[in-house]
Amino acid sequence: MKESQINQAFEYAKARYADLGIDVEKAVEQLDKLSISLHCWQADDVAGFENGDGELTGGIQATGNYPGKARSISELRADIDKAMSLIPGDHRVNIHAFYGDFGGETVDRDQIEPKHFQSWIDWAKEKNYKLDFNCTCFSHEKSADGFTLSHRDPAIRQFWIDHVVQSRKIAEEMGRQLGSECIHNIWIPDGSKDLTVDRLLYRKNLKESLDQIFEYKTNDDYMLDSIECKLFGIGSESYVVGSHEFYMGYGVANNKMITLDSGHFHPTEVISDKISSLLLFAPEIMLHVSRGVRWDSDHVVILNDELQALTQEIIRANALDRVHVGLDYFDASINRIGAYVVGVRATQKALLQALLEPITQLRAYEANGQNFERLALLEEAKSLPWAAVFDYYCLKKGVIAGEAYIADIQQYEKEVTSKR
């Protein structure tokens, strides 16, 4: 796509939106301020660098065997750099605890320290990225029976409590050195494949473990805690300890950020409608944007109805400063860098459409009971020339616009990933 074509299309789009009272330049500026957190585990199929290709457990599966996955920290960083070069704007990288730079040493989860992630911090400084972090409570011998922070054995619970505390310390140091609040997310796989009779016991254990974890006070300028629910998963089809109700109650009672993952609910349930409710009671919300297909929650994000509804709720609630957006999927069946770029660009496109929505007129129609007019304008807004605005944004940020990035990723595969 030629630069002149992009600029010409943008001028038309700008005028078309102006007719509806929408400032396109302002929308582009707002989009540019939105940093999306890229999940490091898409590049290596959630293997981590703790024990090589260890067994993936905890209800997590990366399906497919597409060649060229990252086998080392350097390869994973190179793949993320490549993806970032094809995504407009400045973004974050989300790291799980078992991606530490352990230098060949065996370091158990309860012994990890900021020094094991210093090379990640240095890399982020060099690349002008910010970092987020996650404790890793799966793929470990002490999580083999499906329970961690809610375990019946106090010694195992303590191991995972110590791990999460250490992870929060690492996140705090990341935020301190990078000058940006690092979100530390807590997700655990705890649950049961079949009927459970002691549901209250496990949830009581989880509450007490979290209480102990949060006794270690962190600096909110450097690190923010978030807690993530799940309704069911592989190996926890009948019972999940950390359900939506559990974490919603705990988050509201303890003023904690709540993470909503779009793949962690029932197949017909959506998280877009939960945002306006949670914002009334929780200080902030973390979104893990994914795409559920039947039972599998972790498909590459595309520009579908739910993603658009999700971003619309953020903008309509005027909550850009209270909602954090990250991705969480792992597709091993296609080019992994391509999966990053498709997912992030889809999320950005949805956010841009929401920013360009004629919300003032829509609200006026709704307030006046003009429901036909509201519906008609919502429909017309779908075909407004937002794509021309996104192409312009890419051009403005020095990033390939349109579908031309496909060839660029193919070339990277030919020169780099196919040789792994």
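The values are calculated or read from the model by the stated rules, or taken from the named source; none is laboratory data. Worth saying up front: this structure is predicted, and the values here are computed from it rather than measured. All Cβ positions, even for glycine, are placed from backbone atoms using ideal geometry, and neighbour counts span all protein chains on display.
Considering only the stretch 347-395, state which residues are assigned to a helix (DSSP H, G or I) and of a type in the set (Ser, Thr, Tyr). Those that are assigned to a helix (DSSP H, G or I) and of a type in the set (Ser, Thr, Tyr): THR347, THR360, TYR365, TYR392, TYR393.
Per-residue answers, yes or no, for (1) modelled with pLDDT under 95; (2) within 22 Å of ASP328 (Cα to Cα); (3) small (Gly, Ala, Ser):
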| site | (1), (2), (3) |
| --- | --- |
| TYR12 | no, no, no |
| VAL28 | no, no, no |
| HIS39 | no, yes, no |
| ASP45 | yes, yes, no |
| GLY54 | yes, yes, yes |
| GLY58 | yes, yes, yes |
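Among the residues making up the stretch 239-264, those that are within 29 Å of ASN304 (Cα to Cα), outside any helix (DSSP H, G or I) and in contact with a strand residue (DSSP E or B) (Cβ under 8 Å, 6 or more places away or on another chain) are VAL240, GLY242, MET257, ILE258, THR259, LEU260, ASP261, SER262, GLY263, HIS264.
Within the stretch 395-419, residues that are at positive phi sit with their Cβ atoms under 8 Å from residues that are of a type in the set (A, V, I, L, M) and in a loop (DSSP other than H, G, I, E, B), at 6+ positions apart or across chains, in these pairs: GLY402/MET1.
Exactly one residue out of ILE188, ILE170 is within 13 Å of ASP132 (Cβ to Cβ) and either surrounded by 18 or more Cβ atoms within 10 Å (Cβ to Cβ) or of a type in the set (Asp, Glu) (or both): that is ILE170. Among the residues of the stretch 95-110, is any of a type in the set (Lys, Arg), surrounded by fewer than 22 Cβ atoms within 10 Å (Cβ to Cβ) and out of contact with any Asp or Glu (no Cβ under 6 Å at 6 or more places or on another chain)? Within the stretch 95-110, none of the residues are of a type in the set (Lys, Arg), surrounded by fewer than 22 Cβ atoms within 10 Å (Cβ to Cβ) and out of contact with any Asp or Glu (no Cβ under 6 Å at 6 or more places or on another chain). Of the numbered criteria (1) within 24 Å of LEU287 (Cβ to Cβ); (2) loosely packed, with under 15 Cβ neighbours inside 10 Å; (3) not hydroxyl-bearing (Ser, Thr, Tyr), the one ASP225 fails is (2).
The helices (runs of 4 or more DSSP H) found entirely in the stretch 1-116 that carry 3 or more residues being under 22 Å from the mean Cα position of the chain (by Cα) and not charged (D, E, K, R) are 24-32, 73-85.
Could you look through the stretch 258-268, keep only residues that are more than 14 Å from GLU228 (Cα to Cα) and either touching a residue at least 24 places away in the same chain (Cβ under 8 Å) or touching a Ser or Thr at 6+ places or on another chain (Cβ under 6 Å) (or both), and pick out the one that is surrounded by the fewest Cβ atoms within 10 Å (Cβ to Cβ)?
Restricting attention to the stretch 258-268, the residues satisfying the condition of being more than 14 Å from GLU228 (Cα to Cα) are 266-268.
Applying the additional criterion that residues be either touching a residue at least 24 places away in the same chain (Cβ under 8 Å) or touching a Ser or Thr at 6+ places or on another chain (Cβ under 6 Å) (or both) yields 266-267.
Numbers: HIS266: 9, PRO267: 11.
Across the stretch 258-268, the extreme among qualifying residues is HIS266.
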